[in-house]
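Asker: Submitted below is the structure of interest, expressed as structure tokens.
The values are calculated or read from the model by the stated rules, or taken from the named source; none is laboratory data. Treat the numbers as computed from the prediction; the structure is a model and nothing was measured. Glycine also receives a Cβ, built like all others from the backbone with ideal geometry; neighbour counts cover every protein chain displayed. Quick note on the areas: whole protein, heavy atoms, side chains included, nothing else; ligands and nucleic acids left out. Shrake-Rupley method; radii C 1.70, N 1.55, O 1.52, S 1.80 Å.
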Amino acid sequence: MGDRALAMGTFFFDERLIDDEQGRIDNEVNAFTPHDCADRSFVTSRLDVKCRCLMELDFMTKESQPSGPDLTSGVALTQFVDGKLLGHVGEEEVLLVQDGSEIFAIAAHCSHYHGPLNEGLMVGGTIRCPWHHACFDLRSGDAVRAPALAPLDCWQVEKRDNLVFVREKRVGLIQRGKPPTSAPEKIVIVGGGAAGFAAAGMLRRREFRGSIVMLSSDSSAPVDRPNLSKDYLAGSAPEDWVPLRPDSYYNEAGIELHLNSEVVSINARHVTTGKGDQVAFDRLLLATGAEPVRLSIPGADQPHVRTLRSLTDCRAIIDTSKTSPRALIIGASFIGLEVAAALRARDIEVHVVAPEKRPMERILGPDVGNFIRALHEEHGVIFHLEDTVTAINGQRATLKSGRTLDAGLVVAGIGVRPRLALAEKAGLVTDRGVQVNAFLETSATGIYAAGDIARWPDPHSGERIRVEHWVVAQRQGQTAAINMMGMREKFAAVPFFWSQHYDVPINYVGHAEQWDEITIDGNIRARDCLLKYKRKGRVLAVASIFRDLASLQAEVQMEDQMIQSV
Ligand SMILES: Cc1cc2nc3c(=O)[nH]c(=O)nc-3n(C[C@H](O)[C@H](O)[C@H](O)COP(=O)(O)OP(=O)(O)OC[C@H]3O[C@@H](n4cnc5c(N)ncnc54)[C@H](O)[C@@H]3O)c2cc1C
Ligand code: FES
């Protein structure tokens, strides 16, 4: 299972230490501040529990000593394993990577959640993170693929007498082409979520000098949404880790962020908000995401019956959970079960009611479904499967089976719907999503769409698909940004998502709505497996638990297949 399981498994113990040992942790945070970031609070906000846990574990087991040899003293190539060698320069962990005849020295941990890059995969001058498939350029440290948005430090390398020495840090390595002279002046982004945020950031990274206005109906600046059903909800991550950037970032980056600003209509070259403000654009990105499907049963409108999408939703669930010893989760989806796990960490009795026979069977198949059920049961979750809730009367929920359950908190995780109203009103072509081409352009010139609302021609599956994945939304936002500046880049990333249940991460690459065969390599119950979802012999998707390298390799294979099929 490796360090990740070990580290995450010891987390709940370590968390108590974190409070006691904040000073030591702060020192470590300082040690790996990315070089583009003068603001330490940004780095702190990017650290999630796993990261802090790993650092704490380092303190406990290695007495604060960074891993491996001192790379400034010289190491032999024979010490490299699979082209990599983890060592340190002072207090900083540095990864040496051999790529052909070249050797690179790069920060050893991913700038997303601090994943261990020495367990990652080298692909054509880049290294990919084993945890959520971010990708960094070895030569410059640039974060070339989300979910990492900040670059990594790089060091000078000298080869002498068959030894490799790491020298000083290198600066100013990232060369990004200037935007075309035909770049527009005004870009408006509707949506302050994964896609909108990544688009705005990419525009500034690519030196777009025009105005960027981001209009978001949320009441908070863009947040690390996946955290809302995981560490933050579980009470193991403080709220100041949830924003993707500190408030000061938007001003500094010249991104005009308007919160509580719902866009209600789009006209030829301006959008109108619910407050009546008109904002002109040359290019427009729609990134309105999805909204949770609401229950349509009697009693669903009571204040203790919740859904989870925004930070406000999450805060409300946390508040209600403080006075509710028992929670009812309706739906055994990813969100529903992540919420179940988070509430169990708060010592709340959790019941899950869902119509299916096995949780997540539709996406991951029966064997993973059985495993997920057993995993949650081990943690005390009580399932009521093949059943539904027909009414909620006060704190009493009645099930179709006739059973009743009392719960002071009800969370419905019964799926989401793309937020299409705006696009439909504007007359854009929609088909269970906003239809976009390979460049993420909608049917209207100058208007792009990305994230949960976009249905795009996926070159891997050969189908028009729409997915609800964090990483896909960010990558689409970035591609749309590049295209809005006047360049022509196709969106061709293989879809990827992850989900976390207690100490078990599930990674999924590709897209398989239907399959006729699942092959299982390894042992699901032992949490060491890779499943391939196939149709007519072709691998459409791969799910894995603690097979991170194989998951990355599967991603590369799918990319290669795409290139061959073009
Ligand atoms: C609790 C939770 C946990 C998740 N965990 C994972 C995970 O572990 N892994 C994973 O891959 N995916 C996860 N997801 C899914 C992932 O978060 C989404 O796929 C992703 O956020 C989609 O990005 P988006 O930009 O399309 O939409 P969003 O991030 O939802 O952003 C949409 C934005 O548009 C705004 N908006 C909507 N309509 C308007 C309007 N008319 N005017 C102005 N603003 C508007 C909204 O307020 C919001 O700011 C999770 C989702 C949730 C809710
Ligand atoms: S920790 Fe590297 S991609 Fe998430």
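Asker: Is it the case that the stretch 151-164 has a residue that's closer than 22 Å to residue 227 by Cα and either part of a strand (DSSP E or B) or not basic (Lys, Arg) (or both)?
Answerer: The initial filter retains those residues of the stretch 151-164 that are closer than 22 Å to residue 227 by Cα, namely 151.
From what is left, the residues that are either part of a strand (DSSP E or B) or not basic (Lys, Arg) (or both) are 151.
Looking through the stretch 151-164, at least one residue is closer than 22 Å to residue 227 by Cα and either part of a strand (DSSP E or B) or not basic (Lys, Arg) (or both).
Asker: Search the stretch 175-191 for residues being under 29 Å from the mean Cα position of the chain (by Cα) and at pLDDT 80 or above, and hand back the single one that is most open to solvent (accessible area, probe 1.4 Å). I'd like the intermediate steps shown before the answer.
Answerer: Let us first name the residues in the stretch 175-191 that are under 29 Å from the mean Cα position of the chain (by Cα), namely 175-179, 186-191.
Going one step further and asking which of them are at pLDDT 80 or above, we end up with 186-191.
Working: 186: 77, 187: 0, 188: 1, 189: 0, 190: 8, 191: 10 Å².
It comes out as 186.
Asker: Run residue 514 past the list (1) open to solvent by 20 Å² or more (accessible area, probe 1.4 Å); (2) of a type in the set (S, T, N, Q); (3) over 22 Å from residue 226 (Cα atoms); (4) modelled with pLDDT of 95 or more and report the number of the one that doesn't hold.
Answerer: Just one mismatch for residue 514, condition (4).
Asker: If you don't mind, another one. Would you mind stating whether residue 253 is under 30 Å from residue 506 (Cβ atoms) and either touching a residue at least 24 places away in the same chain (Cβ under 8 Å) or buried (at least 20 other Cβ atoms within 10 Å of the Cβ) (or both)? Give the steps one after another, and end with the answer.
Answerer: Working: under 30 Å from residue 506 (Cβ atoms): no; either touching a residue at least 24 places away in the same chain (Cβ under 8 Å) or buried (at least 20 other Cβ atoms within 10 Å of the Cβ) (or both): yes.
It is false that residue 253 is under 30 Å from residue 506 (Cβ atoms) and either touching a residue at least 24 places away in the same chain (Cβ under 8 Å) or buried (at least 20 other Cβ atoms within 10 Å of the Cβ) (or both).
Asker: Still on this structure: Consider residue 172 carefully, then state whether it is part of a helix (DSSP H, G or I) and either under 26 Å from residue 136 (Cβ atoms) or open to solvent by 10 Å² or more (accessible area, probe 1.4 Å) (or both). Steps first, please.
Answerer: On the way: part of a helix (DSSP H, G or I): no; either under 26 Å from residue 136 (Cβ atoms) or open to solvent by 10 Å² or more (accessible area, probe 1.4 Å) (or both): yes.
Answer is no for this residue.
Asker: Given (1) assigned to a loop (DSSP other than H, G, I, E, B); (2) away from ligand 2 (no atom under 16 Å from the Cβ); (3) within 26 Å of residue 415 (Cβ to Cβ); (4) small (Gly, Ala, Ser), where does residue 493 come up short, assuming only one miss?
Answerer: Condition not satisfied by residue 493: (2).
Asker: Which condition does residue 97 not pass, out of (1) assigned to a strand (DSSP E or B); (2) touching a Ser or Thr at 6+ places or on another chain (Cβ under 8 Å), if it passes all the others?
Answerer: (2)
Asker: Kindly provide the set of residues from the stretch 95-117 that are away from ligand 2 (no atom under 12 Å from the Cβ) and open to solvent by 30 Å² or more (accessible area, probe 1.4 Å), ordered by number. So that I can check it myself, show each step before the final result.
Answerer: Filtering the stretch 95-117 for residues away from ligand 2 (no atom under 12 Å from the Cβ) gives 95-106.
Result: 98, 99, 100, 101, 102.
Asker: While we're here: Could you figure out which of (1) more than 16 Å from ligand 1 (Cβ to nearest atom); (2) in contact (Cβ under 8 Å) with a residue 40 or more places away in the chain; (3) closer than 30 Å to residue 469 by Cβ isn't true of residue 133?
Answerer: Every listed condition holds for residue 133 apart from (1).
Asker: Right, residue 91: within 14 Å of ligand 2 (Cβ to nearest atom) and surrounded by fewer than 21 Cβ atoms within 10 Å (Cβ to Cβ) or not?
Answerer: Details: within 14 Å of ligand 2 (Cβ to nearest atom): no; surrounded by fewer than 21 Cβ atoms within 10 Å (Cβ to Cβ): yes.
In short, no.
Asker: From 194, 198, which residue is under 24 Å from residue 340 (Cα atoms), open to solvent by less than 20 Å² (accessible area, probe 1.4 Å) and within 16 Å of ligand 2 (Cβ to nearest atom)? Walk me through it before giving the result.
Answerer: On the way: 198 fails: under 24 Å from residue 340 (Cα atoms).
None of the others qualify; the one that does is 194.
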